[in-house]
1. Fully extended, how many nm does the chain gain between residue 167 and residue 65 (0.36 nm per residue separation, minus their Cα-Cα distance)?
2. What residues qualify as long-range amide H neighbours of residue 150, i.e. H under 5 Å apart, gap of 5 or more or another chain, H built at 1.01 Å from N?
3. What distance in nm lies between label points placed 7 Å from Cα along the C-beta direction at residue 34 and residue 147?
4. Between residue 42 and residue 99, what length in nm is gained on full extension when 0.36 nm per residue of separation is reduced by their alpha carbon distance?
5. Mind checking which lysines have their Cα closer than 30 Å to the Cα of residue 58? Skip sequence neighbours fewer than 8 apart in that chain.
6. So which of 85/223; 144/207; 124/175 end up more than 32 Å apart, counting from Cα to Cα?
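Taken together, the values in this text are just the output of simple stated rules run on the coordinates, not laboratory data. A quick note: this is a predicted structure, and the numbers were derived from the prediction, not measured. Cβ placement follows ideal geometry from the backbone for every residue including glycine, while neighbour counts extend to all protein chains displayed.
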Amino acid sequence: MIRINLQTEYQNLGKIENLVGQLIIFFVCLLLLLGCLQYYCSILQDDIDALEQKATQKQAQINQYRKTIREVNVLKNRLSNIEKKLSIIKQLSSNRIHAIFLLNAITSSVVAKRMWFSTIDYFKNDVNIQGLAMDERTVTDFMKQLEEAKHWIYISDAFIKDLRDKKIPEPVLEKLSNLKDFQFFKNKEFEFVMDVILGDQLTDKDKETIISYAVKPFFQEVKLVSTAKRTIEKSTHLTSFIISCSQTMHTNEK
């Protein structure tokens with residue numbers, strides 16, 4: 001009798017079916033994983049596209065800002081040039097006004113009909129005056145008047161500020177402020193105006209303080225460099241002179 005073992009074949013068939021089932025499950029899981037990866041990649045791609053779009057927008061903004069910065073730098077350079085030109089104009093204007101002050105101080109000190117100028121040299125705060133005089137007494141009188149020459153009184157913010165530091169009453173300063181940018185060529189003019197606008201508000205002590213501060217010597221030092229006798233004609237003898245003056249810087253001119 002022949003025996004056939006069908007159980008072994010059945011077992012092999014079951015193993016094959018299990019293997020096929022496992023392969024199917026594997027491929028299904030693989031497909032699901034690939035699908036998830038594809039979905040995740042699509043999400044990442046969307047994020048990348050959004051970031052690239054933002055980067056493009058930011059770059060456009062940066063380029064716009066760079067353009068604006070260049071325009072601002074151009075404007076700054078133009079403003080700097082304008083400020084330099086204004087500074088030069090202001091300096092020239094100040095020098096012109098100061099030259100007027102200087103000539104006024106010198107010419108107002110001249111001894112009339114007894115002296116003449118040859119040259120007047122001005123460098124920084126030093127002035128050299130050369131000329132001819134009838135005699136040495138005339139030169140002495142001229143030097144004395146140079147020493148007594150005063151600054152013109154100019155009412156400015158610096159002038160008011162310095163008076164405030166000297167404890168001048170505020171009501172007095174407020175009324176003096178109304179005279180800002182006014183200029184007085186004589187002390188008596190300034191005293192008269194103060195008496196008119198201030199009246200009884202100004203005490204003698206405050207008036208003396210203001211006048212003593214406002215009226216400053218124009219020259220800090222006046223010295224004779226040299227004198228010499230000169231004969232123009234047989235009967236005409238003159239004295240040549242060189243006088244050096246150092247100016248006093250007046251805070252009112254600030």
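1. Values: separation 102, 0.36 × 102 = 36.72 nm, distance 5.30 nm.
Gain on stretching residue 167 to residue 65: 31.4 nm.
2. Excluding prolines and chain starts, which carry no amide H, the hits are 218.
3. 11.5
4. 12.2 nm
5. Partners found: 67, 76.
6. Distance filter (> 32 Å) returns 85/223; 124/175.
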